[in-house]
Amino acid sequence: MLRLLDGILYEGKPLDDEFEVRIHNLGNGHREASVSRVIGWTELKKATPDEIALWEAPLTAQEEAEKREANRRRAARRAKTRVRRLCKALGLDTMVTLTYRALVTDLALCKRHMKEFVRRIKRTLPGFRYVAAFETQKRGCWHIHMAVHRLAPAFMVKGVRVKSYDLVRAIWRSVTGDLGGTANVGKSKPWKRYSPGRLAAYLSKYMLKAFDDGDDWSNRYSGSSASEVPEVLKLRFRGETLASMVALVYDEVCVGMADTFTWLSRFGDAFYISTEPDLPPPGKTPAF
């Protein structure tokens, strides 16, 4: 890659023995780490007037389109990362799906309904946290997939014991009114259990769908505050090998019994690893 700075052309290449390591302890036993080669910049030469003119020339229509597409892909990757980290940091392990009986094609209306649903459910569950994705059904109607904490089988509401499913459905119907609403609460069966990592992957499907449809993923996502995600630790190493860096992050991330996922780029210049605890036996996870 090339860069023009103060009339000087520089060339950037991945360094063989210098790495950036990012370690992210997201809490709840969830850890991630990545290793990437640092880009080293070497001065090539002083640019000629023709090279400067070519560098500063306006982009063609095709180049503008390619730039927008690249920016959109980067935005989609950032959104996927944020959703994954929120699900893990918050320890979300249950899926709730909110739908309409009427044909609701207005996304802004669906978002207002979800915001009001969250406000009302927090009256009963003050610690309620969520990550939500908006999707259209085949008939064109919007519905909401929401990752939440596992719900207790029942709650006491004004001295009356109410099943969690009935509570969620009643609150959603109170919001949707004449449009009608129904709710599907996951984990109704003790053997149907999720992990935060798997829930994040499930929600990511809707990011990719929005991306393929040419939509801005920010229009299809909502969630609790990102301030609840711990900061990432960034480190630099020199005089090392990729193998030694991979061994280092394995030691940092693989703690105890864990489900592990790894990825290595085909060029051997980047490595990623994530771990999360094995799912506990049915009925042993914390619940609201």
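What follows draws every value from the coordinates through simple rules; no lab data is involved. Keep in mind the model is a prediction, meaning the values are calculated, not measured. So basically every Cβ, Gly included, is an ideal-geometry build from the backbone, and we count neighbours across all protein chains shown.
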| task | Return the single residue from VAL229, VAL157, VAL35 with maximal mean-square fluctuation; model: Gaussian network over the chain, springs between Cα atoms under 10 Å. | result | VAL157
| query | If you stretched the chain out fully between THR105 and ALA154, how much longer would it get, using 0.36 nm times the residue separation minus the C-alpha to C-alpha distance? | reply | 14.4 nm
| said: If amide hydrogens are placed 1.01 Å from N in the peptide plane, which non-local residues have theirs closer than 5 Å to the one on HIS149? | reply: ASP93, ARG129
| said: If I model a spin label as a point 7 Å beyond the Cα along the Cα-Cβ vector, how far apart are those points for ARG112 and ARG78 in nm? | reply: 2.9
| Cβ-derived FRET efficiency at R0 30 Å, ARG266 paired with THR42, nearest 0.05 | 0.75
| field | Local net charge near LEU44, Cβ-Cβ under 10 Å (Lys/Arg +1, Asp/Glu -1) | value | +1
| field | Helix-only [θ]222 nm of the chain, DSSP H runs n ≥ 4, -39500 (n - 2.57) each, per residue, nearest 500 | value | -11500 deg cm²/dmol
| task | Name the long-range amide H neighbours of ALA47: under 5 Å, sequence gap of 5 or more, or other chain; modelled H, no Pro or chain starts. | result | ILE8, LEU9
| Tally Lys/Arg at +1 and Asp/Glu at -1 over every other residue whose Cβ is under 10 Å from the Cβ of THR182; what's the total? | +3
| Quotient of Cα Rg and 2.2 N^0.38 Å for the range 94-192, N being how many residues it contains | 1.05
| Cα atoms only, the chain: Rg and Dmax in Å? | 23.7, 81
| query | For GLU64 and ASP251, what does the FRET efficiency come to when R0 = 51 Å and r is the distance between their Cβ atoms, rounded to the nearest 0.05? | reply | 0.65
| Using 1/(1 + (r/R0)^6) with R0 = 41 angstrom and r between the beta carbons of PHE237 and TYR202, what's the FRET efficiency to the nearest 0.05? | 0.70
| field | ³J(HN,Hα), Karplus 6.51/-1.76/1.60, whole Hz, each residue of the range 136-145, x for Gly, Pro | value | 9, 7, 4, 7, x, 8, 6, 8, 10, 9
